[in-house]
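Heads up: the structure comes next, in structure tokens.
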Amino acid sequence: MREPDMQKLDALVGRLVGDLGAAVSGVLVTLGDHLGLFRAMADGTPMTSAELADKIGVKERYVREWLSAQAAADYVSYDDETERFYLTPEQAMVFAEENSPAFFTGAFDVVQSMWLDEPKIANAFKTGSGFGWHEHSACLFRGTERFFRPGYNSHLITEWIPALNGMHEKLQAGAAVADVGCGHGASTILMAQAYPNSTFFGFDYHLPSIERARAAAKQAGVDTRITFEQASAKDFPAAGYDLVAMFDCLHDMGDPVGAGKHVKESLADDGTWMIVEPFAHDCLKDNLNPVGRVFYGASTMICTPASLSQEVGLGLGAQAGELKLRKVAMDAGYSHFRKATETPFNMVFEVRA
């Protein structure tokens, strides 16, 4: 065995201390979110641990330790002179404001599911059998919706749809839209709110998610213009849609080419397939960065096992990149594939026959 470079070893251990702190802080973020601690601090009023505990009805000694840990992580701010804790406006946007474009707390629900399901994924590594989306702990479904919704709120209506040639105008006039792999329906509901003349259909093979989407649509007052149904990407009703959208789900499918063929059969003559996928470069070396770290990790624990659990089991992964996605579309029989726009976290493709 080669002798280690002690400076490099010290640097690596230093990074690991930071990573360990981040992992521990993530658990505490989830705890604070579920208890309502962040929401109770959202207005920025400085509070002692006793005042915060009284406000939400929990025990002060626990709150004091939680606040101290969050202050050490710089997730909560602390005033040494008054011995009070508070959220800055920026911290409130990230941890307390559900509809903020920077809301991040939902991501830790996803991470919680990874820890809970680690033994099952370990077994999938050994057997190669895959592990279906529906087999994960329920916090994954809730967390996925909460994590992706802020991005959809920020970009879907103002940037992504207008980037598709003529689609904004079609939806304004009145179009038929299918949201395939809709999950809890956040993207479907957002489009229905923005385009009252259009009709929307949300499809997902996971029945509990469909039931949650129906409830959310009713709460949002758009349930009369959205039909949520349990169906897979290869068997949802083909009805001449002007737009078929897939948000962050194509790479999870075992047979994305087969799904693309079914979309082609489901589109109107001038219809568009919109594919929204996690941002990725085509070469591995270009994805070795903080965003790639998150997406490769999620892909290892969630996306790739989901694909491998299905027929074909192509296993695109969450960092497929444009070239692999283009090949899927071409193999499905499309002639037009264009990157319409992108964000640091997503790529949006316009696909037409």
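The values are calculated or read from the model by the stated rules, or taken from the named source; none is laboratory data. Computed from a prediction, not measured in an experiment: that's the story for all the values here. Positions of Cβ are generated from backbone atoms using ideal geometry, with glycine treated the same way; all protein chains shown enter the neighbour counts. We work out accessible area using only protein heavy atoms, side chains counted, and drop any ligands, DNA or RNA first. Shrake-Rupley method; radii C 1.70, N 1.55, O 1.52, S 1.80 Å.
The figures follow:
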read-out	value
Folded to 0 to 90 degrees: helix 106-127 orientation relative to the chain principal axis, Cα	70
Relative contact order (%) - the stretch 92-222, alpha-carbon pairs under 8 angstrom, separation at least six	20
With Cα atoms, 0 to 90° folded angle of helix 139-155 axis to the chain main axis	70
Accessible surface of the chain [probe 1.4 Å, protein heavy atoms]: carbon and sulfur percent	57
All lysines inside 24 Å of residue 234 as judged from Cα atoms, apart from same-chain residues fewer than 8 positions distant	261, 264, 324, 327, 339
Between helix 256-266 and the chain: long-axis angle, C-alpha atoms, 0 to 90°, nearest 10	50
Phi to ³J(HN,Hα) by Karplus 6.51 cos²θ - 1.76 cosθ + 1.60 over the stretch 168-184, Hz, x for Gly, Pro	4, 5, 4, 5, 5, 6, x, 9, 9, 10, 10, 10, 9, x, 6, x, 7
Inter-label distance, nm, simple model (7 Å from Cα along the C-beta direction), residue 62/residue 338	5.5
Contour excess over end-to-end distance, with Cα ends at residue 327 and residue 169 and 0.36 nm allotted per residue	54.0 nm
Residue 202 long-range amide H proximity, modeled H, under 5 Å	179, 227, 228, 229
Accessible area of the chain divided out per residue, in Å², using a probe of 1.4 angstrom	49
Part-to-part distance (alpha-carbon centres) for the stretch 153-225 and the stretch 53-126, which is given in Å	30
Protection-proxy order for peptides 45-55, 171-181, each taking the mean of Cβ atoms within 10 Å per residue, highest first	171-181, 45-55
Difference of contour (0.36 nm per residue) and Cα-Cα distance, residue 289 to residue 268	3.6 nm
Under-5 Å amide H pairs with residue 347, H placed in peptide plane, nonlocal only	277, 279
Solvent-accessible surface ranking, highest first, for 156, 9 at 1.4 angstrom	9, 156
